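Student: Please find one structure pasted underneath; my questions will follow.
The values are calculated or read from the model by the stated rules, or taken from the named source; none is laboratory data. Quick caveat: nothing in here was measured; it's all calculated off a predicted structure. Neighbour counts run over all protein chains shown; Cβ positions are idealised from the backbone, glycine included. Protein only, heavy atoms only, side chains kept; ligands, DNA and RNA dropped before computing areas. Shrake-Rupley method; radii C 1.70, N 1.55, O 1.52, S 1.80 Å.
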Amino acid sequence: MTAIVAEVGEFLETGNVAVWLTPEDLAESDEQATPETDLDEIRADLAQAIELHQYGLDEGRHDVVAGWHAKGRRTARENIDSLVDPGTFVEYGALAIAAQRGRRSERDLIENTPADGIVLGTAQVHGTPIAVFAYDYTVLAGTQGYANHRKMDRLFRVAEKLSLPIVIFAEGGGGRPGDTDKPAGPGLISDTFLLVSSMAGRVPIIGVVAGYSFAGNAALLGACDVVIATKDSSIGMGGPAMIEGGGLGVHHPADVGPINVQYANGVVDIVADDEHHAVAACKKVLGLLSNQHCPATAPVDQRLLRHLVPENRLRSYNMRPVIETVVDPDSLIELRQGFGQGIITSLARIGGQVVGILANNPHHLGGAIDAPGSDKAERFLTMCEARGLPVISFCDTPGFMVGPDSEREATVRRFGAMFVAGARLTTPLIMIVTRKGYGLGAMAMAGGNMHAPVLTISWPTGEFGGMGLEGAVRLGYRKELDAIEDPQKRKQRYDELLAEMYDAGKAVRMAAAYEIDDVIDPADTRTLILQTLKVARC
């Protein structure tokens, strides 16, 4: 039998005996260490934990899930499952419930407010660790409650500590006024928005919306690098209740910020057909913004590039096939296509390397950069710098848009912001002039001037000047032309002067004057980009 020989309060030194154990004591201990136990037995404490978790799982909410499916929608958990690698999701705060014990029973809250309306945790997507947040619209309309915010704050801090990319399924109605079990006050000291905003630019943040996203939920979207929304989405900084409460009328949720508005104004980067399409786009964007290298895929025949820009300099053309030909097949995704249409911004891979692509759109204002296009370029360049992505600039612009109408859009400031973003680039910039490289617009596409890129090259169709050639002739030779009374002779002289200026500004002459690094065979564009990126160690 065990015998304790030390006295209470006694100071023991090395070698002192405190307890005597008999052989019987040791035998009994061995029996306890290897009990004959049913390993499948569920004890009462474990059974309780399992039961509580069931209320938050889709299989434990048959009626709610069936109703949601009847609307053609996927649950928060289904969206997470379709995004992440199987078996990698680690949930945080699964047993949290709404902070409303002051007016509802705990059983009611357990059954009807599982996870306090947000499912979140860590996972992997194609092996890349991420933090994922999914508001659950079937729980209190996906509103942001007290426990809900605490869960988000907790995971944001984990994501910050581990530098995890973030995906936010942001459907929901914004702040929730019905919580009772919380500190007094309006709740304006929540860390959620501070945390997500402080991480912007440090890790990729992608927002996904299907349905309604208002107020606080929409505010989270505003901090995202890329916003993907389905066609039936409506996004607004205030929902119908807030709008009506502010005396601004009664509006249906679908009319607050429909997709045709939010895509055209640049809030939404990518429009998806449905949640399945949205998640697929999210995976693609996540891989690009995370700078995941992939094995290089065989490109299309690069000789096509020789024929995509017309020989007739007055004929327009589509820049997108140029980009699609240069990049790896199936790697291209365009951002904010509905906004700032004079500028094309895309993510893609070239030889497996992720790059950002900035390009002029000759189909819009002849490639002139207007104020919305400047905003679009500025934001894109800032994102590429934050993510460490090289930028490939395809230039075909007659310059910035000018005129009284343009100036009403604060173009001076907005154009200036594009220059600032270009000047701040520390990632490699490669510029390819496909046709027009005129004035300040061309300099902005080059990050400040034609020698700011690590490589500035032109196709043989390139033409350069301090401003558009037609305008330069009209301004520079106005007196001479006005002095010619015969309209036909005046037109003939104008054409002669224009031809002289065009010849003086041809790409080969610019290379001879060393304004640019070289004039290349368009078919060599991809090869030169890859060689330059290797030198830049990208």
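Student: Determine whether Leu195 is aliphatic (A, V, I, L, M) and surrounded by fewer than 24 Cβ atoms within 10 Å (Cβ to Cβ).
Tutor: Yes, satisfied.
Student: May I pose another question? Among the residues of the range 347-375, which ones are over 20 Å from Lys436 (Cβ atoms) and either out of contact with any Pro (no Cβ under 7 Å at 6 or more places or on another chain) or not β-branched (Val, Ile, Thr) (or both)?
Tutor: If the condition is that a residue be over 20 Å from Lys436 (Cβ atoms) and either out of contact with any Pro (no Cβ under 7 Å at 6 or more places or on another chain) or not β-branched (Val, Ile, Thr) (or both), then Leu347, Ala348, Arg349, Ile350, Gly351, Gly352, Gln353, Val354, Gly356, Asp375 are the ones that fit.
Student: Could you pull out the residue among Arg61, Arg77 that is more than 30 Å from Ala184 (Cβ to Cβ) and within 31 Å of the chain's Cα centre (by Cα)?
Tutor: Unique residue meeting the criteria: Arg77.
Student: Taking the stated definitions as given, is Asp181 more than 22 Å from Asp63 (Cβ to Cβ), among the acidic types (Asp, Glu) and part of a loop (DSSP other than H, G, I, E, B)?
Tutor: yes
Student: Failed condition for Asn260, given (1) modelled with pLDDT of 95 or more; (2) touching a helix residue (DSSP H, G or I) at 6+ places or on another chain (Cβ under 9 Å); (3) surrounded by fewer than 17 Cβ atoms within 10 Å (Cβ to Cβ), with all others met?
Tutor: Of (1) modelled with pLDDT of 95 or more; (2) touching a helix residue (DSSP H, G or I) at 6+ places or on another chain (Cβ under 9 Å); (3) surrounded by fewer than 17 Cβ atoms within 10 Å (Cβ to Cβ), only one is false for Asn260: (2).
Student: Is one or more of the residues making up the range 35-55 surrounded by fewer than 15 Cβ atoms within 10 Å (Cβ to Cβ) and among the basic types (Lys, Arg)?
Tutor: Checking the range 35-55: at least one residue is surrounded by fewer than 15 Cβ atoms within 10 Å (Cβ to Cβ) and among the basic types (Lys, Arg).
Student: Only one residue in Asp81, Asp136 is open to solvent by less than 40 Å² (accessible area, probe 1.4 Å) and either without any contact (Cβ under 8 Å) to a residue 24 or more places away in the chain or among the charged types (D, E, K, R) (or both), so which one is that?
Tutor: So the residue among Asp81, Asp136 that is open to solvent by less than 40 Å² (accessible area, probe 1.4 Å) and either without any contact (Cβ under 8 Å) to a residue 24 or more places away in the chain or among the charged types (D, E, K, R) (or both) is Asp136.
Student: State yes or no: is Leu305 touching a helix residue (DSSP H, G or I) at 6+ places or on another chain (Cβ under 6 Å), in contact (Cβ under 8 Å) with a residue 24 or more places away in the chain and within 26 Å of Ala131 (Cβ to Cβ)?
Tutor: no
Student: How many residues, within the range 75-111, are in contact with a Pro (Cβ under 8 Å, 6 or more places away or on another chain) and within 22 Å of His126 (Cα to Cα)?
Tutor: Of the residues in the range 75-111, 0 are in contact with a Pro (Cβ under 8 Å, 6 or more places away or on another chain) and within 22 Å of His126 (Cα to Cα).
Student: Next up: Here are Arg315, Arg303: which of them is among the basic types (Lys, Arg), open to solvent by 40 Å² or more (accessible area, probe 1.4 Å) and either modelled with pLDDT under 95 or in a strand (DSSP E or B) (or both)?
Tutor: Step by step, each of Arg315, Arg303 is checked, and only Arg315 is among the basic types (Lys, Arg), open to solvent by 40 Å² or more (accessible area, probe 1.4 Å) and either modelled with pLDDT under 95 or in a strand (DSSP E or B) (or both).
Student: Looking only at the range 362-383, which residues are polar (S, T, N, Q) and open to solvent by less than 20 Å² (accessible area, probe 1.4 Å)?
Tutor: If the condition is that a residue be polar (S, T, N, Q) and open to solvent by less than 20 Å² (accessible area, probe 1.4 Å), then Ser374 is the only one that fits.
Student: Hey, another quick one. Between residues in the range 115-128 that are farther than 16 Å from Leu140 by Cα and open to solvent by 10 Å² or more (accessible area, probe 1.4 Å) and residues that are assigned to a loop (DSSP other than H, G, I, E, B) and acidic (Asp, Glu), which pairs lie under 8 Å by C-beta distance while being six or more apart or on different chains?
Tutor: Final answer for the pair search is Gln124/Asp85; His126/Asp85; Gly127/Asp85.
Student: If you don't mind, there's one more thing I want to ask. Here is a list of conditions, (1) closer than 19 Å to Gly266 by Cα; (2) more than 17 Å from the chain's Cα centre (by Cα); (3) surrounded by fewer than 24 Cβ atoms within 10 Å (Cβ to Cβ), and Ile189 meets all of them except one; can you say which number that is?
Tutor: Among (1) closer than 19 Å to Gly266 by Cα; (2) more than 17 Å from the chain's Cα centre (by Cα); (3) surrounded by fewer than 24 Cβ atoms within 10 Å (Cβ to Cβ), the lone unmet condition for Ile189 is (1).
Student: Of the residues Asp375, Asp396, which is more than 18 Å from the chain's Cα centre (by Cα) and either not polar (S, T, N, Q) or not in a helix (DSSP H, G or I) (or both)?
Tutor: Asp396
Student: Check Gly201 against each of (1) open to solvent by 60 Å² or more (accessible area, probe 1.4 Å); (2) touching a residue at least 60 places away in the same chain (Cβ under 8 Å) and name the one condition it does not meet.
Tutor: Only one criterion is unmet by Gly201, namely (1).
Student: For the range 431-449, what are the residues that are aliphatic (A, V, I, L, M) and farther than 18 Å from Val519 by Cβ?
Tutor: Once the filter is applied, which keeps residues that are aliphatic (A, V, I, L, M) and farther than 18 Å from Val519 by Cβ, the range 431-449 yields Leu440, Met443, Ala444.
Per-residue answers, yes or no, for (1) in contact (Cβ under 8 Å) with a residue 40 or more places away in the chain; (2) crowded, with 24+ Cβ neighbours inside 10 Å:
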| residue | (1), (2) |
| --- | --- |
| Ile110 | yes, no |
| Leu155 | yes, no |
| Lys161 | no, no |
| Gly173 | yes, yes |
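Student: Here are the criteria: (1) touching a Leu at 6+ places or on another chain (Cβ under 8 Å); (2) surrounded by fewer than 23 Cβ atoms within 10 Å (Cβ to Cβ); (3) closer than 23 Å to Thr411 by Cα; (4) not basic (Lys, Arg). Tell me which single one Phe339 does not satisfy.
Tutor: (1)
Student: Taking Ala296, is it in a strand (DSSP E or B) and either surrounded by fewer than 23 Cβ atoms within 10 Å (Cβ to Cβ) or of a type in the set (A, V, I, L, M, F, W, C) (or both)?
Tutor: So Ala296 fails the test.
Student: So Ala70 passes all but one of these: (1) under 23 Å from the mean Cα position of the chain (by Cα); (2) closer than 24 Å to Ala229 by Cα; (3) open to solvent by 40 Å² or more (accessible area, probe 1.4 Å). Which condition number does it fail?
Tutor: Result: Ala70 fails condition (1) only.
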